[in-house]
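Written below as structure tokens is the structure these notes are about.
The values are calculated or read from the model by the stated rules, or taken from the named source; none is laboratory data. Note that the structure is predicted; figures quoted are calculated from it, not measured. So basically every Cβ, Gly included, is an ideal-geometry build from the backbone, and we count neighbours across all protein chains shown. Heavy atoms of the whole protein, side chains included, go into the accessibility calculation; ligands, DNA and RNA do not. Shrake-Rupley method; radii C 1.70, N 1.55, O 1.52, S 1.80 Å.
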Amino acid sequence: MQPAMDQFAFRPSHVAPPGGMASWAAPDPAVPTARLDALLPVQLLARQGDWAQVLCSNGWTAWVDGRLLLTLPQPPPAAGAAPARTVDPRPALAEAEAALARYRALLEDLAAGTLDLATFRERARGLRLGLVVDGGELWVFDPAQDRWCYADGLRLQPYAAADRPAPAHAPAATPSPSPSPSPVGTTYAPTRAGEP
């Protein structure tokens with residue numbers, strides 16, 4: 001980790017997961033550093049793919065798997081404004097239904113003999129689906145964000161990252177910080193909450 005320039009500008013935006021999390025000096029798993037404590041408040045500074053650069057309250061910065069960070073609640077809406085509705089789980093559920101329908105159609109073609117096994121595997125490649133419904137609770141896999149989400153009725157929220165940080169050279173959802181990305185072809189070891 002490196003000391004930040006202005007530790008007095010610390011404004012926590014996230015916390016580490018309950019099991020703590022691994023951190024790195026750069027968005028490269030070959031350069032590990034100290035482990036962040038469970039529920040440690042951090043401020044998000046930058047994103048690079050699934051990597052997130054965070055500032056700790058003691059002024060140190062580190063790179064972590066940004067998908068594992070837990071977002072702190074935002075300030076309440078302005079007085080007099082109507083309460084905003086949280087993320088609706090229905091679009092994620094519709095996407096899971098569509099993925100299941102695509103997979104079922106491929107299985108039907110395979111069973112009918114109109115599709116051979118190699119073609120079935122090729123057409124199913126990259127199709128990812130996960131869904132658990134237990135009473136009023138829902139766990140649904142979001143393949144666009146590569147994470148599981150949980151819904152307790154009308155509210156959908158991130159639950160757990162699925163795999164590992166994306167390579168630093170992958171397109172980022174937000175503008176990338178100035179550090180140069182790792183070389184193309186670098187493989188990344190999985191990072192999960194609770195790993196040393």
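Looking for something open to solvent by less than 80 Å² (accessible area, probe 1.4 Å), over 22 Å from residue 156 (Cβ atoms) and either among the basic types (Lys, Arg) or part of a helix (DSSP H, G or I) (or both) - is there at least one such residue anywhere in the stretch 124-135? Checking the stretch 124-135: at least one residue is open to solvent by less than 80 Å² (accessible area, probe 1.4 Å), over 22 Å from residue 156 (Cβ atoms) and either among the basic types (Lys, Arg) or part of a helix (DSSP H, G or I) (or both). When the residues of the stretch 16-53 are filtered to those that are assigned to a loop (DSSP other than H, G, I, E, B) and touching a helix residue (DSSP H, G or I) at 6+ places or on another chain (Cβ under 8 Å), the one that is surrounded by the most Cβ atoms within 10 Å (Cβ to Cβ) is 50.
Selection of the stretch 36-71 for residues being more than 23 Å from residue 146 (Cβ to Cβ) and of a type in the set (D, E, K, R) yields only 37.
Taking the conditions exactly as written (charged (D, E, K, R), within 30 Å of residue 34 (Cβ to Cβ) and at pLDDT below 80), does residue 147 satisfy them or not?
Working: charged (D, E, K, R): yes; within 30 Å of residue 34 (Cβ to Cβ): yes; at pLDDT below 80: yes.
Considered against the rule, which asks whether it is charged (D, E, K, R), within 30 Å of residue 34 (Cβ to Cβ) and at pLDDT below 80, residue 147 comes out as yes.
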